[in-house]
Amino acid sequence: MEKAGNDYEAVVGLEIHCELSTKTKAFCSCESAFGGEPNSRCCPVCFGLPGALPALNMKAAEFAVRAGVALNCRISRISSFDRKNYFYPDLPKGYQITQQRNPICRDGFIDIQSSGAKKRIRIERIHLEEDAGKLIHRDGETLIDYNRAGVPLIEIVTKPDISSAREAQDFVRKLRSIILCTAISDCRMNEGSLRVDVNISVKRKTDAELGVRTEIKNLNSVNAIGKAIESEFSRQVSLVSKGIPLSRETMRFDPVSKSTLTMRSKESYNDYRYFAEPDIPPLVLSEEFISCVEQSMPELPERKAERYVSVFGISEDSAFLISGNNDASAYFEKAAESCSYLKTLSNMITSTLFPAFGDDGTDMSRLPEPEHLSEIADLSGTGTINSLTAKKLMELSAKEKKSPREIVERDCLAVIRDRDRIKKLIGAALSEMPKAKSDYLRGKKAALKSIVGRAMFLSGGLADPELLNEEAENQLAEKE
Amino acid sequence: MRPNDLPLYELSAMLSSGELSSEHLTMCCLETADRTDDSVGAFLTLCRDDALRSAREADRLISSGKGMALTGIPFAIKDNICTEGIRTTCASKLLSGYIPPYSATAVRSLENVCAVMLGKTNMDEFGMGSSCENSAFRPVQNPIAPGRVPGGSSGGSAAAVASGMACFALGSDTGGSVRQPAAFCSVVGLKPTYGRVSRYGLVPFASSMDTIGPITRDVRSNAIVFEAISGHDPMDMTSSSEAAETVSGSLDNSDIRGLRIAIPDMGATGTGLSECVEKAVLDAASVFESLGAKCVETVLPFDIRTLAAYYAISAAEASSNLARFDGIRYGSDAPQNGELDVRQFRSLGFGTEVQRRIILGTYVLSSGYGRDLYSKSLSRREYVRSAFRAAFSEYDLILSPVTPDPPPPLGRFKASPSEMYYQDVFTVPANLAGLPAISVPAGRDSSSGLPVGIQLTAPHFAESLLYRAAYLFEKEISDGKSRK
């Protein structure tokens, strides 16, 4: 980002739509699951048939409150619903039921760790709303599937506290892991159960005033979020720095050209004619209801990280990173059960294995069984193997699903400390490298390194380097 | 006398004693319809075979001793209340081919007791109008005042009951649509407390004010139908679980001695007032006083500002409720070439009055000037609510006209929409405040011979009080008539 315009910084806020995984829809009792034969999971309410009325699914309200509690929000004792009026073929009633004036949750935050530093991103609100249907374009025709119409969503709106693509990505990753912890959504970006809109403007770092912002709609991967922000930031900076005024636009991100394209400009700016939804009375939540949700919360990443530091004694950075990914933390905790070298274990996860815990799910094929990783950590901790071997073992054990101890034995991967073998290795190296030997004897002490290096090579990288050094010095001293 | 002219509680007794069969009664209604509906135009859909089938079923039920008060009684339903498998058009071209896959909760309540559904009645398109002249199919004639409008928007239901084509009917009331046609056709119409009768399956006009209400020839019958259709419905979140008092069986014990009745200053509405209407209310006041009640004139929010607020709010909600008719899912004029022109579709599909309200409603919800009107209207609504709250801390009931004028000749409202809107000045306050109100016939104007009604309004959920007072009034009026 810095490259694109050193004087400018991005001001980014996110709107995240998250489909709730309640069994039934938000306002009727139709099945809410993804997919299904088109228009098979629909009733008069889903189709918006004249006369049908919404009946709020309290499970959806409960899930929204869970999200609010997990994201450190204030829970509204009274919230209410509004109609957002607009025309689109996938919108059966011609309006969407949402919460515009009184959202169910307000004023939360998430702490992220971006480029090593901790940062707090504030959450303005979380509101409950219904999803629309889906258009299917086929053979020049457009068909409509209303199975998704009425599926409950929460929209999480952040304050414009994010200042780079990297931070936005870290925020979404962290948010995702928190939401997954609360089990209210499967957060599958590729299936659209987690969708992100980005609001972005640029300003000179020295300015306090915000620039004109644009909105990039419907980003469906963490990668796309980063790319879209980077590209839109450069576009805005290049215009603003030339003094060309920006217009308030809605854009979409084209993954092929990796650039943002205008969807609609300010002229067609929608007036949604919001008004109080007369079919749904205000939602009043009792103290019991809220405390019941609070008490049923699982351990969230923050708390988990604290526990990892205090109970397992691993570093804060590792704890934060691991706890921020639910698969990684489950994996770590399983491995920790039988491991004596927890710091080593956590480092192995964060430095070597972390790429397996990707944004689109965990690649199990790249991971050893947790008990096997714990063995590797112990082998490494006791010095039985060196760090290179540890890495190799992770790969081998992931592939072969065999005990690392057995592999070490079978492939003779233990560190070589046997005096005789060390002696022989140095002897062989010296006889192969008469020049280095004579260089050393003539006072070129650096030549020792290449002799030890050669011996290490001859050992297949397994010899104890300190013992090799010692032995080489000894043997050369004898020669003097 | 034709059996279909008798009050339904008498019919009910005759059915259970075996003196009358539902099949015969249903036949009588259908014959009356055959004979008169060509000129009246009360029905949009008549379900002859279905009706006779369910009448025979009702007869079986009654003979096995399982009949209820409404079992076997033929009735009609306003065409904006959904009936499974039966065309429900809202008197709109847009829905001329629409067959709902489900029935409204109120309809199901009547089906459950095996009442006999005769068909669907004509109305002003989507409930918008006060004369039934805004039906996309045909206007309705007033069966008891030739050449006059039957009122609206539930004019078809009122006309069907008034002419003996149905023993009772369901209407809907958003701003007076049950009470006003009841007054024009000299029948009894109740607008229940908002939330008392489920709205599930009622095609919405203004959701925060829509109610389903019964239209009958007499007060007791009205109470019987009301008791059958009211109650909490999980499908309608705005429906109330407040317990309802059953009064239909004990109306003869009614006593309104000591009741305090408020009367608004009828000259202060800003809409004008016919002398015969004012006289009917004052006469009614004397009747209530003779029954031991005390009538006092007081300031109440029956005026043109309340009327304006009603029109802004109802149009706003209507503009949103009617947005779904975009040409994609409804209407037979779906484009064949794949080009969807929403504007053209809606311009051709909706009638003039509906378009007028959609435009008004869209305007008042739009940011800027119009939005201010909407906010002011919401404040006015709050004021109306609190004014009624205050009034009901001093008074038990409010007595008022139903409309400022008796039924006008056909064509008058068409020519002047604002004159039509003025007719709602006494009915819309109950809708804005969610109060129950009943329209009861008060005889005919001695000079013009036109029917005139009076309206009683009660606090929330006090339908039983409305029925008691209306019942006594009705009795006095008919006793007075029989004395003459």
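Can you list residues whose amide H is under 5 Å from B:VAL116's amide H, if they're 5+ apart or on another chain and H is modeled 1.01 Å from N?
Correct list: B:GLY72, B:ILE73, B:PHE75.
Would you mind checking the radius of gyration and Dmax of chain B based on alpha-carbon positions, in Å?
Every Cα atom of chain B included, Rg and Dmax give 21.1, 71 Å.
For segment A:298-373, what does the relative contact order come out to in percent, with C-alpha contacts under 8 Å and a separation of six or more?
The value is 27 percent.
What is the set of long-range amide H partners of B:SER131 at a cut-off below 5 Å, with H atoms built 1.01 Å from backbone N?
It is B:GLY152, by chain and number.
Percent of Cα-Cα pairs per 5 Å bin, from 0 to the last occupied bin, for segment B:35-155, please list those.
2, 12, 19, 20, 17, 14, 8, 4, 1, 0
Please list B:308-319, B:70-81 highest first by mean number of surrounding beta-carbon atoms within 10 Å per residue. Each step should come with its number before you reach the end.
Values: B:308-319: 25.1, B:70-81: 29.9.
For the peptides B:308-319, B:70-81, the packing ranking is B:70-81, B:308-319.
Hey, what do the phi angles of segment B:347-357 turn into as Karplus ³J(HN,Hα) couplings, whole Hz, using 6.51/-1.76/1.60 and θ = phi - 60°, x for Gly and Pro?
My calculation for segment B:347-357 gives 5, 7, x, 8, x, 4, 5, 5, 4, 4, 6 Hz in order.
Pairs on different chains or at least eight residues apart, Cα atoms closer than 25 Å: how many lysine pairs in segment B:3-252 fit? Kindly include the intermediate steps, with their values, before the conclusion.
Values: B:LYS78/B:LYS93; B:LYS78/B:LYS120; B:LYS78/B:LYS191; B:LYS93/B:LYS120; B:LYS120/B:LYS191.
Lysine pair count for segment B:3-252: 5.
Can you give me the Kirkwood hydrodynamic radius for segment A:420-478, using every pair of distinct Cα atoms, in Å to one decimal? Intermediate values should be presented prior to the final figure.
Details: mean 1/r = 0.0919 Å⁻¹.
Averaging 1/r across every pair of different Cα atoms and inverting gives 10.9 Å.
What whole-number distance in Å separates the alpha-carbon centres of segment B:9-80 and segment B:84-109?
The two parts, judged by their Cα centres, are 20 Å apart.
Which value does Rg/Rh take for segment A:299-410 over its C-alpha atoms, Rh per Kirkwood?
0.96
Just the Cα atoms of segment B:308-370: what Rg and Dmax do they give in Å?
Taking only Cα atoms of segment B:308-370, I get Rg and Dmax of 13.1, 43 Å.
Nearest 10 degrees is fine. How inclined is helix A:58-70 to the longest principal axis of chain A, computing both from alpha carbons?
40
So what's the angle, to the nearest 10 degrees on a 0 to 90 scale, between helix A:447-458 and the longest Cα principal axis of chain A?
For helix A:447-458, the angle is close to 70 degrees.
What does the helix-only formula give at 222 nm for the protein assembly as shown: each DSSP H stretch with n ≥ 4 adding -39500 (n - 2.57), the total divided by the residues, and the result rounded to the nearest 500 deg cm²/dmol? Present the calculation step by step, with values, prior to reporting the outcome.
Values: 32 runs with 375 residues, N = 964.
One gets -12000 deg cm²/dmol as the mean residue ellipticity at 222 nm.
Where Rh denotes the Kirkwood radius from the mean inverse Cα pair distance, what is Rg over Rh for segment A:1-130?
Details: Rg = 18.5 Å, Rh = 17.3 Å.
Result: Rg/Rh = 1.07.
Please give the per residue volume of the convex hull enclosing the alpha carbon atoms of the protein assembly as shown, rounded to a whole number of Å³.
Numbers: hull volume 217.7 nm³, N = 964.
Normalising the Cα hull of the protein assembly as shown by residue number yields 226 Å³.
How large is ³J(HN,Hα) for each residue in segment A:317-327, as worked out from phi by the Karplus curve 6.51 cos²θ - 1.76 cosθ + 1.60 (θ = phi - 60°), to whole Hz, x for Gly and Pro?
With the stated coefficients, segment A:317-327 comes to 4, 4, 4, 5, 5, 5, 5, x, 10, 5, 5 Hz.
On average, how many beta carbons from a partner chain sit within 10 Å of the beta carbon of a residue in B:361-374?
Values: counts 2, 3, 1, 2, 7, 2, 4, 1, 0, 1, 4, 0, 0, 2.
Whole-number average of other-chain Cβ neighbours for B:361-374 is 2.
Return a whole-number percent for the relative contact order of chain A, with Cα pairs under 8 Å and 6 or more residues apart as the contact set.
Contact order relative to length: 13 percent.
Calculate the dipole size of segment A:419-479 relative to its Cα centre from +1 charges on Lys and Arg beta carbons and -1 charges on Asp and Glu beta carbons; express the result in debye to the nearest 20.
Details: 12 positive and 9 negative charges, 58 e Å.
Computed charge dipole of segment A:419-479: roughly 280 debye.
Going toward the positive end of the dipole of the protein assembly as shown, with +1 on Lys and Arg Cβ and -1 on Asp and Glu Cβ, which of B:PRO150, B:PHE126, B:THR216 do you reach last?
Of B:PRO150, B:PHE126, B:THR216, it is B:PHE126.
Using a 10 Å cut-off on Cβ atoms, rank the peptides B:200-211, A:20-31, A:117-128 from the highest mean neighbour count down.
On the way: B:200-211: 25.6, A:20-31: 20.4, A:117-128: 18.8.
Output ranking for B:200-211, A:20-31, A:117-128: B:200-211, A:20-31, A:117-128.
Can you compute 3J(HN,Hα) from phi for each residue in segment A:88-97, using the Karplus curve 6.51 cos²θ - 1.76 cosθ + 1.60 with θ = phi - 60°, rounded to whole Hz and x for Gly and Pro?
7, x, 7, 9, x, 8, x, 8, 10, 7
What is the magnitude of the charge dipole of segment B:308-370 about its Cα centre, with +1 placed on the Cβ of each Lys and Arg, -1 on the Cβ of each Asp and Glu, and no other charges, expressed in debye to the nearest 20? Please list the in-between numbers first.
Details: 6 positive and 6 negative charges, 26 e Å.
The calculation lands at about 120 debye.
Please list, in chain and number order, the residues 5+ apart from A:ILE280 or on another chain whose amide H is under 5 Å from its amide H, with Hs placed from the backbone.
Here nothing satisfies the definition.
Defining a contact as two alpha carbons under 8 Å apart and six or more residues distant in sequence, what relative contact order in percent does chain B show?
With pairs under 8 Å counted, the relative contact order is 16 percent.
In degrees between 0 and 90, to the nearest 10, how far off the longest principal axis of chain A does helix A:165-182 point, with axes built from Cα atoms?
Helix A:165-182 and the main axis of chain A meet at about 80 degrees.
What percentages make up the Cα-Cα pair-distance distribution of segment B:3-252 when the bins are 5 Å wide from 0?
All Cα pairs, binned at 5 Å, distribute as 1, 8, 16, 20, 22, 18, 11, 5, 1, 0 percent.
Given +1 on the Cβ of Lys and Arg, -1 on the Cβ of Asp and Glu, and no further charges, what dipole in debye does segment A:304-390 carry about its Cα centre, rounded to the nearest 20? Kindly include the intermediate steps, with their values, before the conclusion.
On the way: 5 positive and 13 negative charges, 41 e Å.
Dipole magnitude for segment A:304-390 comes out near 200 debye.
Quote the Stokes-Einstein diffusion coefficient, in whole µm² s⁻¹, for segment A:344-480, based on the Kirkwood radius over alpha carbon pairs, a temperature of 20 °C and a viscosity of 1.002 mPa s. Numbers along the way, then the final one.
On the way: Rh = 16.6 Å.
Rounded, D is 129 µm²/s.
Restricting the count to DSSP beta bridges whose residues both fall in chain B, what percent are antiparallel, rounded to a multiple of 5?
Working: 28 of 43 bridges.
For chain B, the DSSP antiparallel bridge percentage is about 65.
Projecting each Cα onto the charge dipole of chain A (Lys/Arg +1, Asp/Glu -1 at the beta carbon, about the Cα centre), which of A:ASN72, A:SER164, A:PHE109 comes out farthest on the positive side?
A:SER164
Say R0 is 60 Å: what FRET efficiency, to the nearest 0.05, do B:PHE137 and A:ARG74 get from their beta-carbon distance? Intermediate results must be reported in sequence, preceding the final value.
Working: r = 54 Å, r/R0 = 0.90.
After rounding to 0.05, the efficiency reads 0.65.
I'm a student and want to see the number: the projected area of the Cα convex hull of segment A:8-293, averaged over all directions, in nm². Each step should come with its number before you reach the end.
On the way: hull surface 65.0 nm².
Orientation-averaged projected area of the Cα hull: 16.3 nm².
Over the Cα atoms of chain A, Rg to Rh with Kirkwood Rh, two decimal places?
On the way: Rg = 29.5 Å, Rh = 26.3 Å.
In chain A, Rg relative to Rh is 1.12.
What lysines does A:LYS23 reach when the alpha-carbon gap must be under 16 Å and sequence neighbours fewer than 8 apart in one chain are set aside?
Cα-Cα hits under 16 Å: A:LYS59.
Coordinate-derived values only; no laboratory data. Keep in mind that this is a model prediction, so the values were computed, not measured. Please note: Cβ atoms are built from the backbone with ideal geometry, for glycine as well, and neighbour counts cover all protein chains shown.
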